[in-house]
Amino acid sequence: MRRKSIIYTLITTVLLCISVVSWWASEIAQFRLTFSRSVLQNELSKWSESRHAESKPVNEEESFDRYEHPPFDEEKWREVLDAEATFFRQLEFSNTDPKQQDFYPVSHSTWSTEHVDSPRKRSDFWSFKLLERPKVPEFPDSTWVRNPIDAFVLKKMGEQQLEPEAQATSGQLGRRLWLDLIGLPPNSEELANFIDQFSDDKYKQTVDTLLDAPSFGEHWASYWLDLARYADSNGYEEDELKPYAFPYRDFVIWAINEDLPIDTFFRWQIAGDIIAPQHPMAVAATGFFTNAPMNTFKPQESERYDELDDQVSTMGQAMMGLSIGCARCHDHFYDPISQEEYYGMVAIFKDTKRKKRFLVPDGGNAYNVIGSPVQAIRDEITQMLLDAQKEERIEELDFTDEEKDLLRQPIDPTNKRQSLLLASCLRCLDVEERLINEDDEPLERDQSRYQELLEQLSELEPNLLDLPPIGLTLSGNSISKMPLLSGGNANKKGREIGPTFLSELTTGIPDVETDYWTKWAETPRPALAYWMTDTQNGAGALIARVMVNRLWKNHFGTGLVSTASEFGSSGALPTHPDLLEWLACELVENGWKQKPIHRLIVTSATYRQSTRTTNQKYELDPENRFYSRHSMRRLSAEVIRDAMLKSANRLNREMYGQAVFPEIPQSAIYNTQESREYTWPVYLGDDSERRRRSIYLVRRRTIPIPFMSLFDFPDASFSCAQRSQTTLPTQALALLNSPFVAENVAHLAQQLGNETTTQAQVQAAYLAILSRSPSKSELTSGMDFIRNGMGSPNSRLEDLCHVLYLTNEFIYRN
Amino acid sequence: MIPSISRRQWLKQLGGGAGALALQSMLAGDVAADKSENKKSPHHEVKAKNVIWLFMNGGPSGIDTFDYKPELAKYHGKVFEGEVKTLFPHPGPLMESPFKFNRYGESGLPISEIYSNVAKHADDLCVINSCTSTQLNHVPACYMMNTGVSRVGSPSIGSFATYGLGTENSELPGFVVMMDRRSAPEGGANLWDSGFLPPKYQGVPFRNDGEPVLFLDRSVSRGRQQNRLKFLAKLNQEHLNRNPHNRDLETRIQSFETAYKMQASVPDLMKVDDETEDTKRIYGLDDPDCEHFGTQLLLARRMVERGVRFQQIFHGGWKRNWDSHGSLGDNHRSLAKETDKPIAGLLRDLKARGLLESTLVIWGGEFGRLPMSQDIDGRDHNPYGFTMWMAGGGAKKGYVHGKTDELGYRAVESPVSMNDLHATILHLMGVDHERLSYWFSGRDQTMTNSLGSVVFDICNKS
């Protein structure tokens, strides 16, 4: 399956887009919305985007009125995703061969000459060198080896005098597969089907079914969101909610479910808005760079550099497994990354901005055509009303008429008298849009123009289209230079550096006389995107190794390289270098698709081993670095919560959309600004929203959800490669006493109450919670526990369910 | 062993970065540490076994509390001619302190009238008048004060200290945070976050209304809970017998025992009513203005007695805090009233119980305030030279370190950066800030990242 020419791809893209656009046009014509001021203000108070008038983010580009916060339209968002999926499948990415992409723009005059233009010699450091497919060890007599993974693993095991364990039981394999692939345990029917006439074929079919389940993306997205430090708020003082952040999260879920090739997955995140602007998901993908924490209250210059550093460092860690950020203050101590190269990477993002965009195939031009003039009028009206507000404030002041006149003048820092007046009435001129009332009137002098504007508005507004889904994305693609900051200090600016790649990851100068080059020569972000995924001349080999290692880590608990985001010389060396290399080659040659790698891993004999082991083997390899058994693993915060919901038959499987605020203890709502309800707006309808999967729970940076953070859910301050795994008495308290657990216990117990015998109840409880039938003695002791228990039959059942949820067996999967 | 850390990192942290600190990846409050690895040896002599940090949120003015500037009165009402970088534009003319200062104790430390009770302990105070921060804005300055880095995400000093030294009581966290009853400080949970350190080193918020620790109150009766836990122990033991090679399982079994005990021991800790009337009075519990903060400080002492390593108590939160851009006089007078008596009570109580020698008490905000006025009678933020003080825990007594200029605008003598402050606090706790490290993001990270040094001048020699 070779990739057809890029020209062909581009033409297909354009054709498909046209059809999608016209489909959309007919859809959107059905929606119309006029902007009612009260609705807008309602939304405004809900999302505290600009509590302080002066704290408007300096680097957030406003492409349309920031007061236009239409209520999120779930249905429309789903339409975008569905259209996108259809569109994507037609593209047939699997038919394309990345090797054809031997182009990318470097060697442009504005680029940093010393780092890019000169031919490079690629470093021969193990993770930097080009991919080379290793030979698979041969074990012709082995009955254990199922695929090449096992051959590599068995060879290493042999060197350590270790032998593989037997396959886990079908029941254990079922629970393991379900939890690892979709993050949910099987229910009793699913499990029964899996176990019944268990065979290798059945195992493989189940793997395929689970890989195709929508829950697969919901589970695996969490690993990438950790790396992308995704959150639904900005952090710092204001910690504003970001109602348009979720399309990035949805993009990740969507991309994993569609098996978007990893190279495209990365390229879209770096420059999807330029590479595929007609593609809503490609545009949403750039949200990767807008996930950075950001202080919006009177930000200082140095904070912009912190944000840039965060963006480049996170890209380095998440995509390349390199701590590029170390070179912010000095040349990297361990890796061949100079301070110049760091600032060259920063330069690529220096002129980028956060931008809210319409996520529709044509970029929402239809909305802008009508919306922009309306917006201009609204802005003018707002300014008039603000002027009136200001005049009212001045009138109220206890100053002389002459002093008041001075305050009416434009602010002039050299005017000492005016400055002193302002010093004595600090915020008297701070007028705020949010304080404008419906019955506000403009000043006398503006009256006629005001009436004129209102008339224009009443003519134009009925033509407004209903707004499409909006996402917070990255924009800006100009070439700019970045001053080298000595010691990372914003006050010590050195010479200017143009955009750069990392030279030791670059081979020679590719042929730039291609169509692609003439198109993208002036735009560094797409260039970076293509360099990043170029396995011949760029960082492609490195990212392939980093990515397969992450997939391995998430299936086995530890990576072949234990430092999953550190593939530089301060990171660990691979325990199985040939296996890692072979998997990386598989990834690239399979068109960078993830699912075939998952399939290889989970169908291997290595993965299917039991967690049991002998003392002797344990002593030889206590940490199981040679995979001569399967490692028992504690479930993540999300899986614990989701598994409880599913086992109690309470899980709401609805996908995508705005973040959900679960109920948390009042005292855990820290940053109570206006009120706790304002800071943590729990949906007060039925409880279905609270029963959504954990991936949809709000991530408000200054207010972690206690149940999640107790189980090591990261706080999104920085890219997280591997969560800690702690065992604390406070976790035990949460499981013992939190209302969430009690709700599930009560719900499940009530259902078990329908079983006619105590025996059936115990049986069903074990199946629901632990995905297995109880042993004979467990059945007896479970029945005894209920018989000799306290209180009503229902409360005895609750006792049993709660105990099973508390067991190590529930929290640690075999 | 903590399975989440690779063997390589593990060994590195044991041998390389961590030096003498034994098995530091074992935790504070972790039940695993309880039995075998609780003994974490410090690098050198420990002066401050415990820390109680009184964080005056919003930025109290140094020149109106502990940094006496008589010259400022001479320039009152005059416009400062030099350049001033302020958060809000248009600084006003210079403004003298609305408060009187007196000299106290044998040391003769000048202290503002609003802290007349704390002033009685002048001879125990080590006042640092030359603190500097790099941040002009509250939340970045708070992060700077707590983590040494202005951007969000680094471990707070309480987390670093418990990571290095562990805790002495498995039923209580090593790092406890208490908040103002009105609201939490802006910046939220990131202020006591463990950053890249494992989450077990996070500060644990304690409330003195409702549940002191989240999920502490039993969801069912004690008897029913016991019944459940007994059956749980049986099932877990059977599971452990089937899976003998996973050490986490045993740790988790113990965690339920500890949790069960915490449901009794934590409420016991919170029973300040058990204290004598006299004790309650010196903390100001009979005064409605002081009651909340006083109760927190009394709890702080009880936690010190129970081995809690590091405590941070935030006074002031959103809306009501020391951030007085206007009406500084009223603001500082009333907030000082809420804190003066309780702090004096704490110092007195600790001293009477012989705990002050080994407990470092720290007072201060994220920055100070400018000598120029703002909005007629307020002051803007001043990170260029501000005041903090320490008492006990090996800090010098009746001593003033460093100086601001005659107006109290900039530190001009022996400036102490936030990184210096952290290095010094860790030094007093027996930790070498350059040797306590954690491998993250490609390198060994320390609390100060080589940006600070210990201020030996403020450490008591003996």
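The values are calculated or read from the model by the stated rules, or taken from the named source; none is laboratory data. Computed from a predicted model, the values in this text were never measured in an experiment. Neighbour counts are summed over all protein chains in view; Cβ atoms, including those assigned to glycine, are modelled from backbone coordinates with ideal geometry. To get the accessible areas, we keep the full protein, side chains included, count just its heavy atoms, and leave off ligands, DNA and RNA. Shrake-Rupley method; radii C 1.70, N 1.55, O 1.52, S 1.80 Å.
Side notes on the structure shown:
- Breaking point among (1) within 14 Å of chain A (Cβ to nearest Cβ); (2) in contact with a strand residue (DSSP E or B) (Cβ under 8 Å, 6 or more places away or on another chain); (3) under 29 Å from residue A:721 (Cα atoms), for residue B:433: (1)
- The residues on offer are B:407, B:297, and the sole one that is of a type outside the set (Val, Ile, Thr) and buried (at least 24 other Cβ atoms within 10 Å of the Cβ) is B:297.
- No other residue among A:578, A:534 is of a type outside the set (A, V, I, L, M), in contact with a helix residue (DSSP H, G or I) (Cβ under 6 Å, 6 or more places away or on another chain) and modelled with pLDDT of 95 or more apart from A:578.
- Tally of residues being facing chain A (nearest Cβ under 9 Å) and either surrounded by fewer than 24 Cβ atoms within 10 Å (Cβ to Cβ) or free of Cβ contacts under 8 Å to residues at least 60 places away in the same chain (or both) across region B:171-181: 1
- Qualifying residue in region A:395-416 (condition: assigned to a helix (DSSP H, G or I), buried (at least 17 other Cβ atoms within 10 Å of the Cβ), in contact (Cβ under 8 Å) with a residue 12 or more places away in the chain and of a type in the set (Lys, Arg)): no
- Scanning region B:39-61 for residues that are small (Gly, Ala, Ser) and within 14 Å of residue B:423 (Cα to Cα) turns up just one, B:48.
- Of the helices (runs of 4 or more DSSP H) that lie entirely inside region A:263-359, those containing 3 or more residues that are of a type in the set (Asp, Glu) span A:301-315.
- Residue within region B:218-233 that is facing chain A (nearest Cβ under 7 Å), part of a loop (DSSP other than H, G, I, E, B) and open to solvent by 30 Å² or more (accessible area, probe 1.4 Å) present: yes
- All helices (runs of 4 or more DSSP H) inside region A:589-708 with 1 or more residues being without any contact (Cβ under 8 Å) to a residue 60 or more places away in the chain: A:595-603, A:615-620, A:676-679
- Filter result for residue A:689 (at pLDDT below 90 and under 21 Å from the mean Cα position of the chain (by Cα)): yes
- Only one of B:255, B:159 that is closer than 17 Å to residue A:728 by Cα, buried (at least 23 other Cβ atoms within 10 Å of the Cβ) and more than 8 Å from every other protein chain (Cβ to nearest Cβ): B:159
- Condition check for residue A:249: more than 28 Å from residue A:653 (Cα to Cα) and among the basic types (Lys, Arg): no
- Search result, residues across region A:755-794 that are modelled with pLDDT under 95 and at the interface with chain B (Cβ under 8 Å from one of its Cβ atoms): A:789, A:790, A:791
- Screening residue A:257 with (1) buried (at least 23 other Cβ atoms within 10 Å of the Cβ); (2) closer than 17 Å to residue A:693 by Cα; (3) not small (Gly, Ala, Ser) gives one miss only, at (1).
- The residue of region A:598-612 that is farthest from residue A:550 (Cα to Cα), among those that are surrounded by fewer than 22 Cβ atoms within 10 Å (Cβ to Cβ) and of a type in the set (Val, Ile, Thr), is A:611.
- Of everything in region B:307-330 that is more than 14 Å from chain A (Cβ to nearest Cβ) and not in a loop (DSSP other than H, G, I, E, B), the residue that is surrounded by the fewest Cβ atoms within 10 Å (Cβ to Cβ) is B:330.
- Residue within region A:725-732 that is open to solvent by less than 30 Å² (accessible area, probe 1.4 Å), at pLDDT 95 or above, more than 10 Å from chain B (Cβ to nearest Cβ) and not in a loop (DSSP other than H, G, I, E, B) present: no
- The set of residues in region B:372-387 being closer than 14 Å to residue B:408 by Cβ, of a type outside the set (Phe, Trp, Tyr) and not in a loop (DSSP other than H, G, I, E, B) consists of B:372, B:381, B:382, B:387.
- On inspection, residue B:254 does not qualify as in contact (Cβ under 8 Å) with a residue 40 or more places away in the chain and in a strand (DSSP E or B).
- Residue in region A:649-670 that is at pLDDT 95 or above, open to solvent by 10 Å² or more (accessible area, probe 1.4 Å) and more than 27 Å from residue A:243 (Cα to Cα) present: yes
- Here the condition is being open to solvent by less than 40 Å² (accessible area, probe 1.4 Å), without any contact (Cβ under 8 Å) to a residue 12 or more places away in the chain and under 24 Å from residue B:243 (Cβ atoms); of A:781, A:771, it holds for A:781 alone.
- Condition check for residue B:281: of a type in the set (Lys, Arg) and open to solvent by 30 Å² or more (accessible area, probe 1.4 Å): yes
- When each of A:560, A:528, A:580 is tested for being open to solvent by less than 10 Å² (accessible area, probe 1.4 Å), touching a Pro at 6+ places or on another chain (Cβ under 8 Å) and within 14 Å of another protein chain (Cβ to nearest Cβ), the lone residue that passes is A:560.
- Residue match in region A:185-206 (condition: part of a loop (DSSP other than H, G, I, E, B) and open to solvent by less than 20 Å² (accessible area, probe 1.4 Å)): yes
- Out of A:306, A:331, one residue alone is at pLDDT 90 or above and either open to solvent by 10 Å² or more (accessible area, probe 1.4 Å) or outside the structural domain of residue A:225 (by TED's automatic domain parsing) (or both). It is A:306.
- The residues of region B:234-251 that are in a helix (DSSP H, G or I), facing chain A (nearest Cβ under 7 Å), farther than 22 Å from residue B:308 by Cα and of a type in the set (S, T, N, Q) amount to a single one, B:236.
- Among the criteria (1) within 14 Å of another protein chain (Cβ to nearest Cβ); (2) assigned to a strand (DSSP E or B), the one residue B:150 does not fulfil is (2).
- The residues in region B:192-217 that are among the aromatic types (Phe, Trp, Tyr) and facing chain A (nearest Cβ under 7 Å) can be counted, and the count is 1.
- Count of region A:736-745 residues which are over 17 Å from residue A:646 (Cβ atoms) and more than 7 Å from chain B (Cβ to nearest Cβ): 1
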